[in-house]
Amino acid sequence: MFLSVFDVFKIGVGPSSSHTMGPMTAAVRFLAAIRDQKVPFGTRIRVKLYGSLAFTGRGHATDRAVALGLLGLLPADLDIDEAGFLLEDLQDGKTLRSPGLPPITFDPETDVVFDYGDPLPGHANGLTFDLCGRAGETIFSETYYSIGGGFVVTASEKALTTKESLAASDRPFPFHSAASMLAMASIAGISVAQMKRANELVSATARDLDDGLDRLWRVMDDCIERGLRTSGELPGGLKVKRRASAIYRQLLSERGSNQAHPHVVADWLSVYAMAVNEENAGGGRVVTAPTNGAAGVVPAVLKYFISHCGGDDRQKIHEFLLTAAAIGGLIKHNASISGAEAGCQGEVGSAAAMAAAGLCAVLGGTPAQVENAAEIALEHHLGLTCDPVAGLVQVPCIERNGMGAMKAVSAASLALRGDGTHFMPLDNCIRAMRQTGEEMNSKFKETSLGGLAVNLPEC
């Protein structure tokens, strides 16, 4: 399966790509599926959440996301104000009115069931939609898996292997591993971004591709700017205060003075990343990169390149995003970007590898150095757990994105000091990440049943 840059980077809303955007998309797909059925009057929709969706779905607003999807709304086009009005009407009327369907009863408070049993066999993030008749009998049912990054598949779709899809790819550079990526780059004498661009142009015009990349960066940058200027308390009950705006004002006041320390660039990286993830935690518009929980790393490093390395160049921005997407696609294909499946190594670890590769590329790195940068960044996130406190994407997620951004810059810089040769290939590191995720206890994979989530400060 070819993963476009617009699959790896999706415009959506917070707080979670797997727990918010995925279920919303699944609900829209279910509506489309029942339109093909003969739906009688007097039906009802019930939704059951399994595994990680059940354990942390309330903190991630999964029930709200399902309701919005059944109202026909998709993450990329969501108008927050309109969504609020539609949800109020649904709460009052308990009825879905969708084109091509009779009125269907749906009460968000009782018809979304948080099941705390075992996860479904296909993935830790499973949800089943049932269309029920007057007597409660099931007329039509479909199960979806939210596999990370906003991707949603049915059980039958998940059974199709990516390798089989890749074998039939008509892309000019159908690399499915870092080794094949480097081999193709060497033979063609071009960069990773140039290969990724050629692959994209099979199904998109150059103008559409460039406009789409411009839009991705514009949404990322707008998210940073909103986060840098917004203060207050984040929703969810933890009473976590936004810190990015205050830190940003401090950094601005120190510019040109002797107050700033030599390591102040680390503070800039952190504040850019934290700004994004505070917006995400508040339900704002973000770009999955490759997930919402890790949405701050790539924008922070790209903002650093533009603002601190003199990189405000449209082609360089495109090169960064295309390179990062190539690495993200390799990780998703050969391991996972899902916190519920692999822990946070699959989210922030993947994001750091993508950002490191992108920065290395725009600073003049060769394909071998780009691969090395990605490997260094991923290697030093191996074993990272996903243990959000209270199931909210706040603690430790917001700060963790800042740490991931700093590791990404360090990895790119270290790779550029070498010639691209190194001991551990990226493919092996990705394999190690997959194996670590498979063997990691489920308590440490987005269930909020272990780690920091159960070691809270005494109040």
Ordering 285-296, 383-394 by per-residue average of other C-beta atoms within 10 angstrom, highest first, gives 285-296, 383-394
Looking at this model, which pairs from 303/443; 48/332; 10/407; 239/445 are more than 29 angstrom apart at the alpha-carbon? 303/443
Cα-projected label distance for residue 38 with residue 261, points at 7 Å along beta-carbon direction, nm: 7.3
Mind ordering 194-205, 342-353, 124-135 by average Cβ neighbours within 10 Å, highest first? 342-353, 124-135, 194-205
Two-site label geometry, residue 156 and residue 137: point separation in nm, points 7 Å out along Cα→Cβ: 2.3
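Would you mind calculating the gained length between residue 424 and residue 180 on full extension (0.36 nm times residue separation, minus the Cα-Cα distance), in nm to one decimal?
Once the chain is fully extended between residue 424 and residue 180, it gains 86.3 nm.
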What's the angle, to the nearest 10 degrees (0 to 90), between helix 314-334's Cα axis and the longest principal axis of the chain? 60
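First select every other residue whose beta carbon is under 13 angstrom from the beta carbon of residue 40; then total the charges, Lys and Arg +1, Asp and Glu -1.
So the surrounding residues net to +2.
Set the Förster radius R0 to 35 Å, insert the Cβ-Cβ distance between residue 399 and residue 214 as r into 1/(1 + (r/R0)^6), and round the FRET efficiency to 0.05.
Efficiency for this residue pair is about 0.70.
Would you tally the net charge around residue 353, using a Cβ to Cβ cut-off of less than 13 Å, leaving residue 353 out, and scoring K and R as +1, D and E as -1?
-3
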What net charge do the residues around residue 365 carry, taking every other residue with its C-beta under 11 Å from that of residue 365, with Lys and Arg at +1 and Asp and Glu at -1? -2
Quick calc, residue 456 & residue 312: beta-carbon distance into FRET formula, R0 45 Å, rounding 0.05, result 0.55
I need the P(r) histogram for the range 17-159: all alpha carbon pairs, bin width 5 Å from 0 out to the longest distance, whole percents. 2, 11, 21, 25, 21, 14, 6, 1
What angle do you read, to the nearest 10 degrees and between 0 and 90, between the alpha-carbon axis of helix 178-188 and the longest principal axis of the chain? 60
For the pair residue 238 and residue 207, the simple spin-label estimate (label points 7 Å beyond Cα toward Cβ) gives in nm 4.6
Rounded to the nearest 10, the angle in degrees between the Cα long axis of helix 206-229 and the longest principal axis of the Cα atoms of the chain comes to 90
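Rounded, prolate or oblate, given the Cα gyration tensor of the range 179-278, with a/c below 1.5 counting as rounded? Don't skip to the end; give the middle numbers.
Working: a/c = 2.79, a/b = 1.91, b/c = 1.46.
Prolate, since a/c reaches 1.5 and a/b exceeds b/c.
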With only Lys, Arg, Asp and Glu charged, each at its Cβ (+1 for the first two, -1 for the last two), find how big the charge dipole of the range 382-459 is about the Cα centre; round to the nearest 20 debye. 140
Projected onto the charge dipole of the range 164-454 (unit charges on the beta-carbon of Lys, Arg, Asp and Glu, signs +1, +1, -1, -1), the Cα from 358, 253, 182 with the largest positive-side position is that of 253
Looking only at the range 17-159, where both bridge partners belong to it, what percent of the DSSP beta bridges are antiparallel (to the nearest 5)? 85
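The numbers here are math on the coordinates, done by the rules we state, and not lab data. Here the structure is a predicted model, which means the values were calculated and not measured. Here Cβ is always computed from backbone atoms with ideal geometry, including for glycine, and neighbour counts include all displayed protein chains.
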